[in-house]
1. For residues that are out of contact with any helix residue (DSSP H, G or I) (no Cβ under 9 Å at 6 or more places or on another chain) and in contact (Cβ under 8 Å) with a residue 12 or more places away in the chain, scanning just region 200-218, find the one that is farthest from Ser254 (Cα to Cα).
2. Before we move on, is Leu145 closer than 30 Å to Ser252 by Cα and touching a strand residue (DSSP E or B) at 6+ places or on another chain (Cβ under 6 Å)?
3. May I ask you to list the residues in region 83-93 that are open to solvent by 10 Å² or more (accessible area, probe 1.4 Å) and touching a residue at least 60 places away in the same chain (Cβ under 8 Å)?
4. How many residues does region 195-225 hold that are open to solvent by 50 Å² or more (accessible area, probe 1.4 Å), modelled with pLDDT under 95, over 24 Å from the mean Cα position of the chain (by Cα) and under 20 Å from Tyr260 (Cα atoms)?
5. Just checking, how many residues over region 17-52 are open to solvent by 80 Å² or more (accessible area, probe 1.4 Å), free of Cβ contacts under 8 Å to residues at least 40 places away in the same chain and part of a helix (DSSP H, G or I)?
6. What's the number of the only condition in (1) closer than 17 Å to Phe253 by Cα; (2) of a type outside the set (Phe, Trp, Tyr); (3) surrounded by fewer than 18 Cβ atoms within 10 Å (Cβ to Cβ) that Ser190 fails to meet?
7. Which one of these is over 26 Å from Lys176 (Cα atoms), open to solvent by 20 Å² or more (accessible area, probe 1.4 Å), free of Cβ contacts under 8 Å to residues at least 24 places away in the same chain and touching a helix residue (DSSP H, G or I) at 6+ places or on another chain (Cβ under 7 Å): Gln96, Gln55?
Amino acid sequence: VFEFADQYRGSYSDSLGSVVCPFYCSYSGYNDELLWGASWLHRASQNASYMTYIQSNGHTLGADDDDYSFSWDDKRVGTKVLLSKGFLQDRIEELQLYKVHTDNYICSLIPGTSSFQAQYTPGGLLYKGSASNLQYVTSTAFLLLTYANYLNSSGGHASCGTTTVTAKNLISLAKKQVDYILGQNPAKMSYMVGFGERYPQHVHHRGSSLPSVQVHPNSIPCNAGFQYLYSSSPNPNILVGAILGGPDNRDSFSDDRNNYQQS
């Protein structure tokens, strides 16, 4: 599959744009996926050919770019965290570049460092965008904890100019984000459905908001679903474990099924 993707390069939305855009276009292209794929294949197989590929193609696939977001559309930061493990734990000197870029990303998140550039809400939530912001918060917390593990196992730290950032600092920041999501926030609202005493009731999710087949055994045509989308009633099916888009940059949240950016 990797060889096929590398040989026939292109983005799926080039041919499917009319049905996947604007919500699911591949805005960042395919370069990040090729580097991401080669990195994981090397980690899984230890096949030297993938390391050769990374070294030969990394500069054209995003290795030289500092990137500050990790998402479904852009894997570059995640790739650099993964490859930095090879330098920190396996002492592969060719991968030191990725440790430098990972530090740059980490430093951008830490208030007080010379490289700090992230935005946080007054309540302390990392804020990357108005639509489904918590997808960025959860993935960032994951990278913080992953990198903290790599640093702990190697006795290393992140260098932010003259400031040293330890694994403990990264764990603390990740914990604050997780705690916020689970209810330690100005709204006292858990943004994980079904968790805690108070969580959103009007989730933007078709299966959760439509009545179950036991209650409504007849099929519901597509257009007939709009009455449930616009209903003020709570979702009849609790989507346990789902994390919503979350509050805005002022910690405000609208428990409105039609506000898909937040719900």
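1. Val215
2. Values: closer than 30 Å to Ser252 by Cα: yes; touching a strand residue (DSSP E or B) at 6+ places or on another chain (Cβ under 6 Å): no.
So Leu145 fails the test.
3. Lys85, Leu88, Gln89
4. Selection size over region 195-225: 2.
5. 3
6. Tallying (1) closer than 17 Å to Phe253 by Cα; (2) of a type outside the set (Phe, Trp, Tyr); (3) surrounded by fewer than 18 Cβ atoms within 10 Å (Cβ to Cβ), Ser190 fails exactly one: (3).
7. On the way: Gln55 fails: free of Cβ contacts under 8 Å to residues at least 24 places away in the same chain.
None of the other options fit; the residue is Gln96.
The values are calculated or read from the model by the stated rules, or taken from the named source; none is laboratory data. Predicted model, so just to flag it, every value in this text is computed and none were measured. With ideal geometry, Cβ positions are generated from the backbone for all residues, glycine too; neighbour counts draw on all protein chains shown. These accessible areas exclude ligands, DNA and RNA; they are computed on the full protein's heavy atoms, side chains included. Shrake-Rupley method; radii C 1.70, N 1.55, O 1.52, S 1.80 Å.
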